[in-house]
Amino acid sequence: MNEDIKISIFINSLAGGGAERVTSYLLPYLIKKGQSVVLVLTEEELAYPVPEEVPIYYLAKSKKNESGILKLAKLPWLAYKYARFLKRENITHSFSLLTRPCYVNIMARWFTNHPYKLMISERNFPSMQYGGNDLQSRINNFLVKRLYPKADLVVSNAKASAQDLVDNFGVPKERTQTIYNPIDIDKIDKIEKLEGFFDADYVNAVSIGRLVPEKNHLFLLEAVVPFKNLRLYIFGEGELRSQLEAKIKHLGLEEQVFLMGFESNPFQYLKAADFFLFGSLNEGFPNVLMEAMCCGLPIVSTNCKSGPDEMMELKEAKTDDIMFTDYGILTPVNNVACMQKALDYVLQHPEFLKACKPKLLQRIQDFRREPILEAYRSLFIA
């Protein structure tokens, strides 16, 4: 073990989510490589296992439903506590994921002269995530602009996100790095497809995502209306379930669109479906697209910021027409006519979907877990 390096990984919790999954991969990998690492949380939820060799330090034990004002007010207090922790534990490298831990990580330098490499991870497309006119968006926009440029390194999970931080938030380009999300290909390869679930008389599409406004499921409902030979299975739960149920009934889609709820093993469905359908308004780097690719499932998705165009290696973006790639089709965001054009194409050309499958399985190798985790470790020990 390298006694000179001690890494702190700081995140709100280990509840389900993309950043949380990356953390759950990183911890055992760092231990395996002989690194000294500690996990710092502000909430108690642990949906992923933590290696017994990794101490857990709770900076706070906050409730998930705390008000935005209270969260803002607590930032200096948490930063003070984190600064004391960094000095006491002699942390040399502090890496935070998600917005609030990143604020605290940076603000901790106000309260200590203890030297540490300060690294943060931005997992959204900042101009969209923090670009609203509501108070919370304006506060976050202000804090990102004031704080992020002070980090030693800002790691984004998409090149577009990193460039946005440079162009619009004052982060020096030389302090940015892009590392894509990792995926456990070997684990997914072992999962068998679910035989006999989908009706072979239809073309069957799967979509995965929380039932929240930014995932734009209402848009997908509008898009599938004309295609009576298409069935859509939506996996996920969230605040819009009742609204989506009402819309399905209003559009007469009860035999065409099915809300499946949360599914811990969506891969068995992905491997049996015909294509993956995604209508999101904005993303950081959508893990569900990687999961679909890993299952050899062609993709029809909005070209939202950020991630889909990079993952699908789009050569030329368009704002008024569909965009073909080796892995499926991208459409302009929130454009029902273009999404319907894409759906019509894949329904009329099953050979296109078939041709995508081997290319998808080749492309997903670029997101294999171990090389990406090693890229993180290389940053930590540099």
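Looking only at the stretch 102-117, count how many residues are open to solvent by less than 30 Å² (accessible area, probe 1.4 Å), outside any helix (DSSP H, G or I) and within 16 Å of Leu78 (Cα to Cα).
The total comes to 1.
Return yes or no: is Tyr148 in contact with a Ser or Thr (Cβ under 7 Å, 6 or more places away or on another chain) and either open to solvent by less than 30 Å² (accessible area, probe 1.4 Å) or of a type in the set (D, E, K, R) (or both)?
Values: in contact with a Ser or Thr (Cβ under 7 Å, 6 or more places away or on another chain): no; either open to solvent by less than 30 Å² (accessible area, probe 1.4 Å) or of a type in the set (D, E, K, R) (or both): yes.
Criteria not met by Tyr148.
Considering only residues that are assigned to a loop (DSSP other than H, G, I, E, B) and β-branched (Val, Ile, Thr), look in the stretch 300-328 and name the one that is most open to solvent (accessible area, probe 1.4 Å).
Step one: filter the stretch 300-328 for residues assigned to a loop (DSSP other than H, G, I, E, B), giving 303-304, 306-307, 312-322, 326-327.
Checking the rest, the ones that are also β-branched (Val, Ile, Thr) come to 319, 322.
Values: Thr319: 122, Ile322: 11 Å².
Restricting to residues being assigned to a loop (DSSP other than H, G, I, E, B) and β-branched (Val, Ile, Thr), the top hit is Thr319.
If we keep just the residues of the stretch 173-220 that are free of Cβ contacts under 8 Å to residues at least 60 places away in the same chain and closer than 22 Å to Leu97 by Cβ, which is surrounded by the most Cβ atoms within 10 Å (Cβ to Cβ)?
Thr176
Count, please, the residues in the stretch 272-293 that happen to be within 16 Å of Tyr202 (Cα to Cα) and either surrounded by fewer than 23 Cβ atoms within 10 Å (Cβ to Cβ) or of a type in the set (Phe, Trp, Tyr) (or both). Outline the logic, then answer.
Keep residues of the stretch 272-293 that are within 16 Å of Tyr202 (Cα to Cα), which gives 272-277.
From what is left, the residues that are either surrounded by fewer than 23 Cβ atoms within 10 Å (Cβ to Cβ) or of a type in the set (Phe, Trp, Tyr) (or both) are 272, 274-276.
Result for the stretch 272-293: 4.
Of all residues in the stretch 51-100, how many are part of a loop (DSSP other than H, G, I, E, B), open to solvent by less than 30 Å² (accessible area, probe 1.4 Å) and either within 19 Å of Tyr116 (Cβ to Cβ) or not hydrophobic (A, V, I, L, M, F, W, C) (or both)? If you could, list the steps in order and put the result at the bottom.
Our first condition is that a residue be part of a loop (DSSP other than H, G, I, E, B); within the stretch 51-100, this holds for 51-55, 59-67, 89-92, 98.
Among the residues that remain, those that are also open to solvent by less than 30 Å² (accessible area, probe 1.4 Å) are: 51, 54, 59-60, 62, 91.
Filter again for either within 19 Å of Tyr116 (Cβ to Cβ) or not hydrophobic (A, V, I, L, M, F, W, C) (or both), leaving 51, 54, 59, 62, 91.
Count: 5.
Which pairs turn up if I take residues in the stretch 84-101 that are within 19 Å of Ser378 (Cβ to Cβ) and look for partners that are open to solvent by 50 Å² or more (accessible area, probe 1.4 Å) and in a loop (DSSP other than H, G, I, E, B) with beta carbon separation below 9 Å, at least 6 apart in sequence or on another chain?
From residues that are within 19 Å of Ser378 (Cβ to Cβ), the pairs are Thr92/Asp4; Thr92/Pro115.
Assess whether Leu373 counts as being under 25 Å from Asp186 (Cα atoms) and surrounded by fewer than 24 Cβ atoms within 10 Å (Cβ to Cβ).
On the way: under 25 Å from Asp186 (Cα atoms): yes; surrounded by fewer than 24 Cβ atoms within 10 Å (Cβ to Cβ): yes.
So Leu373 passes the test.
Hey, does the stretch 126-138 have a residue that's modelled with pLDDT of 95 or more, open to solvent by 10 Å² or more (accessible area, probe 1.4 Å) and not charged (D, E, K, R)? Spell out the reasoning first.
Filtering the stretch 126-138 for residues modelled with pLDDT of 95 or more gives none.
Looking for residues that are modelled with pLDDT of 95 or more, open to solvent by 10 Å² or more (accessible area, probe 1.4 Å) and not charged (D, E, K, R), one finds none in the stretch 126-138, hence no.
Per-residue answers, yes or no, for (1) among the hydroxyl-bearing types (Ser, Thr, Tyr); (2) assigned to a loop (DSSP other than H, G, I, E, B); (3) in contact with a Cys (Cβ under 9 Å, 6 or more places away or on another chain):
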site	(1), (2), (3)
Lys187	no, no, no
Lys193	no, yes, yes
Gly196	no, yes, no
Leu211	no, yes, no
Phe219	no, no, no
Glu239	no, yes, no
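Suppose we keep only residues that are outside any strand (DSSP E or B) and basic (Lys, Arg) within the stretch 1-40. Which one would you say is surrounded by the fewest Cβ atoms within 10 Å (Cβ to Cβ)? Lay out the reasoning, then the answer.
Taking the stretch 1-40 as the starting set, the residues that turn out to be outside any strand (DSSP E or B) are 1-5, 11-13, 15-35.
Add one more test, that the residue is basic (Lys, Arg), and what stays is 21, 32-33.
Numbers: Arg21: 18, Lys32: 12, Lys33: 15.
The residue in question is Lys32.
The values are calculated or read from the model by the stated rules, or taken from the named source; none is laboratory data. Everything numeric in this text was worked out from a predicted model, so none of it was measured. A quick note on method: Cβ atoms are made from the backbone with ideal geometry, for glycine too, and the neighbour counts reach across all protein chains shown. Only protein heavy atoms, including side chains, enter the accessible area calculation; ligands, DNA and RNA are left aside. Shrake-Rupley method; radii C 1.70, N 1.55, O 1.52, S 1.80 Å.
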